Amino acid sequence: MEQTFLMVKPDGVQRGLIGEIVKRFEQKGFQLIGCKLLVMTREQAEYHYAEHKGKDFFERLVTFITSGPVFAMVWEGEQVIALSRTMIGKTNSLEAMPGTIRGDFAVHTNLNLIHGSDSPASAEREIKNFFTEAELCRYSKVIEKWI
Ligand code: RTP
Ligand code: MG
């Protein structure tokens, strides 16, 4: 089963949106298999956003993401990587459609509430940056067959 790494960013934690965000993925039918509240180290943040190293917004992004607690999660389900990106909405705040998390709650591209892995390779790499295998809880639900 596919897994992805999702993270409520410091703005989402400060605005009290952890519950709303978790609710959306639960209601969709995905399964939470790991979560923790933490403040990212600079090293962890630079690794997480390594693809953006050298871009003009990189420093601002790392400073922001390490500025307060984030809520890191691993979710499991059919097509969870692509579907969670759809539920999150576009990066650019002007393109994030109502109905998506960013479209419903975010105004700024830099304060866009939530991160989601963009590919299977990113998901694997990002999950390992936050969780050990022992911290992930695999369990089956009887309801699974109805989704
Ligand atoms: P994320 O990685 O945080 O989930 O966001 P994303 O995939 O939608 O967007 P990505 O291209 O990976 O960019 C990472 C974060 O950097 C900020 N950003 N600023 N031109 C800009 O000023 C710019 N481009 C990207 C955004 O906050 C974005 O979430
Ligand atoms: Mg990204």
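The values are calculated or read from the model by the stated rules, or taken from the named source; none is laboratory data. This one's a predicted model, so the numbers in the text were calculated from it and none came from an experiment. We place every Cβ from the backbone using ideal geometry, glycine too, and count neighbours over all the protein chains shown. Heavy atoms of the whole protein, side chains included, go into the accessibility calculation; ligands, DNA and RNA do not. Shrake-Rupley method; radii C 1.70, N 1.55, O 1.52, S 1.80 Å.
The table below lists the values:
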| quantity | calculated |
| --- | --- |
| Rg(Cα)/(2.2 N^0.38 Å) for the chain, N = residue count | 1.01 |
| Virtual spin-label span in nm between ASN92 and TYR49, 7 Å along Cα→Cβ | 2.0 |
| The chain: antiparallel DSSP beta bridges as a percent of all, rounded to 5 | 95 |
| Charged-residue dipole, Cβ positions (Lys, Arg, Asp, Glu), the chain about Cα centre, Debye nearest 20 | 260 |
| Relative contact order of the stretch 74-147, defined on C-alpha pairs under 8 angstrom at six or more residues apart (%) | 25 |
| Neighbour net charge for ALA50 - beta-carbon separation under 12 angstrom, K R +1, D E -1 | -1 |
| Neighbour cut-off at most 15 other Cβ (10 Å), DSSP loop, trypsin sites (Lys or Arg not before Pro), the stretch 6-82 | ARG15, LYS53, LYS55 |
| Fraction of accessible area attributable to carbon and sulfur, the chain (%, probe 1.4 Å) | 55 |
| Formal net charge of residues neighbouring ILE127 (Cβ-Cβ distance under 11 Å; K, R +1; D, E -1) | -3 |
| Given LYS23/LYS53; LYS28/LYS128; LYS28/LYS90; LYS28/LYS141; LYS55/LYS90, the pairs whose alpha carbons are separated by over 22 Å | LYS23/LYS53; LYS28/LYS128 |
| Loop-resident sites, the stretch 103-147, for trypsin sites (Lys or Arg not before Pro), counting at most 13 other Cβ within 10 Å (DSSP) | ARG138, LYS141 |
| Separation in nanometres of the label points that stand 7 Å from Cα toward Cβ, at MET1 and ARG60 | 3.9 |
| Average accessible area per residue (Å²) across the chain - probe 1.4 Å, nucleic acids and ligands excluded | 56 |
